[in-house]
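Worksheet for the structure shown next.
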Amino acid sequence: MKRLSWRFFLILFLFSCQKSPQTTLYEFTGNAMTMNYRILIGHPLSLTEKNFVLEAISQVFDEVNRTYNKWNPHSELSHLNRQPAGKRILLSPSLENFLTETGCIVHLSEGKFDPTIETIQQIWRQAFAKGELPAQEELASGRAATGWESIHYAEHYFWKDKDQTQLDLGGIAKGLAVDLLVEKLNTRFENVYVEWGGEIRTSGQHPDQRPWKIFVSGFGSCDPAKALATIEIHNQAIATSGDYLQNWTIGQTTYSHIIDPQTGKPLISLPNRISSASVRASTCARADGLATAAMLFEDLPSAQAWAQRMEKFDPSLTFWLIAQDGSTYATVSTMFQ
């Protein structure tokens, strides 16, 4: 595995740094499914309320693991993936609603985001583990199994057209977990900040009577004075996708962990290719999916054109894109201030 240029990694380290000796700010931290989470409640908490937060955390991560986690062989998603073509499976209400939202993101992304890539992802992972590229016959088989139009969900049932088609909801499920946590906590608390694995959503405001602020800063730094950019988020979410998380080098070519569903191939390191994308949206699930989609455009101009179409469709969306050569696009005057 080879990590790309440090400057792109550093620019995209998102976190919140709130420090005030006069502030009542309760913090809950931990690790779920190998990723750290951080939850801030901007209210004084009784013992009963602290226990409510802990129970909410447990319930949400249990639901995510039980329903959406492809690595859990007993999850509802794994059960769907094992089914043969044509077999109708009753969906839980939560997964049915999530598939509906996922389908909306697939449409908004113009097919760049497509969770039916799991079969071809497995082919590439197995080849990379051996230090080689997949055989063309395997890739052709994997591509044939890819396509959102080959799965169906209606009247509470799910079925697929091809035996090999499998779903990977990881490109959006992390954002969903953040959304679920905020929504559950909002039943008791107004001022909430939730971060899991770098995906963030807030409600209300910081107890200092100001908006929640996110600093884009250098890795390992929590000093606002050194921030590269500052974002205020008002009852919104922000998610980031990048090609620096996991890479493999075969010969002279560096491959990302992100697979393009339209080509069946992983992203390749190129100067004008998007290195990272941040999206602010009303929900973290939507921000998560659209940030992943932005990564899949062939260059910054095409990603920028798509982002501008999305901003016209939904003015609440804001984007920040950076290419490997350092060129950038940001929604005009609205996001990174």
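The values are calculated or read from the model by the stated rules, or taken from the named source; none is laboratory data. In this text the structure is predicted, and so the values were computed from the model without any measurement. Heads up, the Cβs are rebuilt from the backbone with ideal geometry, glycines too, and the neighbour counts pull from every protein chain shown.
For region 135-147, how many residues meet the condition of being buried (at least 20 other Cβ atoms within 10 Å of the Cβ), at pLDDT 95 or above and more than 17 Å from residue 78 (Cα to Cα)?
0
Can we say residue 41 is surrounded by 13 or more Cβ atoms within 10 Å (Cβ to Cβ) and closer than 22 Å to residue 170 by Cα?
no
Give, as residue ranges, the helices (runs of 4 or more DSSP H) completely inside region 73-184 that count at least 1 residues that are of a type in the set (Ser, Thr, Tyr) and touching a helix residue (DSSP H, G or I) at 6+ places or on another chain (Cβ under 7 Å).
93-108, 118-129
Results for (1) of a type in the set (Ser, Thr, Tyr); (2) within 23 Å of the chain's Cα centre (by Cα), shown as yes or no for each residue.
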position: 92; (1), (2): yes, yes
position: 102; (1), (2): yes, yes
position: 108; (1), (2): no, yes
position: 121; (1), (2): no, yes
position: 139; (1), (2): no, no
position: 161; (1), (2): no, no
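Give the residue, chosen from 141, 92, 109, that is without any contact (Cβ under 8 Å) to a residue 24 or more places away in the chain, not acidic (Asp, Glu) and not assigned by the TED database to the domain that holds residue 39.
Answer to the selection: 141.
Scan 187, 165 and give me the residue that is modelled with pLDDT of 95 or more, buried (at least 19 other Cβ atoms within 10 Å of the Cβ) and hydroxyl-bearing (Ser, Thr, Tyr).
Criteria check complete, one pass: 165.
Tell me, yes or no, whether region 280-295 has at least one residue that is surrounded by fewer than 22 Cβ atoms within 10 Å (Cβ to Cβ) and not polar (S, T, N, Q).
Within region 280-295 (the criterion being surrounded by fewer than 22 Cβ atoms within 10 Å (Cβ to Cβ) and not polar (S, T, N, Q)), the answer is no, since none of the residues qualifies.
Residue 62 fails exactly one of the following numbered conditions: (1) closer than 18 Å to residue 178 by Cα; (2) in contact with a Ser or Thr (Cβ under 9 Å, 6 or more places away or on another chain); (3) surrounded by fewer than 17 Cβ atoms within 10 Å (Cβ to Cβ). What is the number of that condition?
Unmet for residue 62, out of (1) closer than 18 Å to residue 178 by Cα; (2) in contact with a Ser or Thr (Cβ under 9 Å, 6 or more places away or on another chain); (3) surrounded by fewer than 17 Cβ atoms within 10 Å (Cβ to Cβ): (2).
Cβ-Cβ under 7 Å, sequence separation 6+ or interchain: first residue in region 290-305 and closer than 17 Å to residue 271 by Cβ, partner surrounded by fewer than 20 Cβ atoms within 10 Å (Cβ to Cβ) and hydroxyl-bearing (Ser, Thr, Tyr). Which pairs?
Correct list of pairs: 300/327.
Considering only residues that are polar (S, T, N, Q) and surrounded by 20 or more Cβ atoms within 10 Å (Cβ to Cβ), which ones fall in region 192-210?
Answer for region 192-210, where residues must be polar (S, T, N, Q) and surrounded by 20 or more Cβ atoms within 10 Å (Cβ to Cβ): 202, 203.
When residue 305 is evaluated against the numbered criteria (1) of a type in the set (A, V, I, L, M, F, W, C); (2) surrounded by fewer than 18 Cβ atoms within 10 Å (Cβ to Cβ); (3) under 15 Å from residue 104 (Cβ atoms), which criterion, by number, is the only one it fails?
It is condition (3) that residue 305 fails.
Please work out if residue 24 is surrounded by fewer than 17 Cβ atoms within 10 Å (Cβ to Cβ), without any contact (Cβ under 8 Å) to a residue 24 or more places away in the chain, not acidic (Asp, Glu) and not in a strand (DSSP E or B).
no
Are any residues in region 66-115 among the hydroxyl-bearing types (Ser, Thr, Tyr) and closer than 19 Å to residue 260 by Cβ, and if so, which ones?
Passing the criteria: 102, 109.
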